[in-house]
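Before any comments, here is the structure.
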């Protein structure tokens, strides 16, 4: 029952955002609240709302959600940009976008090692800042050049944010609850990616200056994610 309620809630929110319908979005948010209340009374909930009593856990999970919200729509949006603005074939556009995945594959192990030796919060905040800076630079450069080096930096920033952030999320809960926390990270990823693409659809329908508009919106979400992460670390140090 809880899974069905959560799926329905997310579907309504995504539909409301993509169709610019306040009614559906409001119904989805109300359904999410109802789902939380329903799950809090279950012995074996799908979403363990008790974990959200920890401010640090909640803030870090929100940061992960905002990170996925800010990046998931990049692939389809930039693919269209490369094909329509630069006349690339779908294969060439895909190869160029693969630079992000390559950067993530290279950077993720390095981010893990660095966060183990230093502070995961510092590494994660630095990754979010790098991603935000790359998005900001790309919003100005995309109209004149595909800027593959910036795509690579976006991948590096994503890896250096998400790897230590996930570590911090799992460390913020008791060992017996880490499986549940990991599942909530996955739910945050799905929700963020779904809403990211819904926002992109709305922007595509509403604005002609797609690259700058989308990049500015994504940059704002990453900046908020960085601020939330920093606030969580600041408060955690004083608890």
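Here are some notes:
- When the residues of the stretch 124-151 are filtered to those that are more than 21 Å from residue 69 (Cβ to Cβ) and without any contact (Cβ under 8 Å) to a residue 60 or more places away in the chain, the one that is surrounded by the fewest Cβ atoms within 10 Å (Cβ to Cβ) is 144.
- Residue in the stretch 6-16 that is outside the structural domain of residue 190 (by TED's automatic domain parsing), touching a helix residue (DSSP H, G or I) at 6+ places or on another chain (Cβ under 6 Å), outside any helix (DSSP H, G or I) and farther than 15 Å from residue 184 by Cα present: no
- Single match in 172, 182 (criterion: more than 14 Å from the chain's Cα centre (by Cα), outside the structural domain of residue 7 (by TED's automatic domain parsing) and either modelled with pLDDT under 60 or crowded, with 20+ Cβ neighbours inside 10 Å (or both)): 172
- Subset of the stretch 152-168 [over 14 Å from residue 106 (Cα atoms) and surrounded by fewer than 24 Cβ atoms within 10 Å (Cβ to Cβ)]: 166, 167
- The stretch 61-154 holds helices (runs of 4 or more DSSP H) entirely within its bounds, and those carrying 3 or more residues that are more than 18 Å from residue 200 (Cβ to Cβ) map to 90-117, 120-141.
- Unmet requirement for residue 78, which otherwise passes all of (1) farther than 18 Å from residue 193 by Cβ; (2) in the same structural domain as residue 189 (by TED's automatic domain parsing); (3) in contact with a helix residue (DSSP H, G or I) (Cβ under 7 Å, 6 or more places away or on another chain): (1)
- In the set 37, 60, 99, 69, only one residue is in contact with a helix residue (DSSP H, G or I) (Cβ under 9 Å, 6 or more places away or on another chain), farther than 21 Å from residue 153 by Cα and surrounded by 15 or more Cβ atoms within 10 Å (Cβ to Cβ); that residue is 60.
The values are calculated or read from the model by the stated rules, or taken from the named source; none is laboratory data. Remember, predicted model here, so these are calculated numbers, not experimental data. Positions of Cβ are generated from backbone atoms using ideal geometry, with glycine treated the same way; all protein chains shown enter the neighbour counts.
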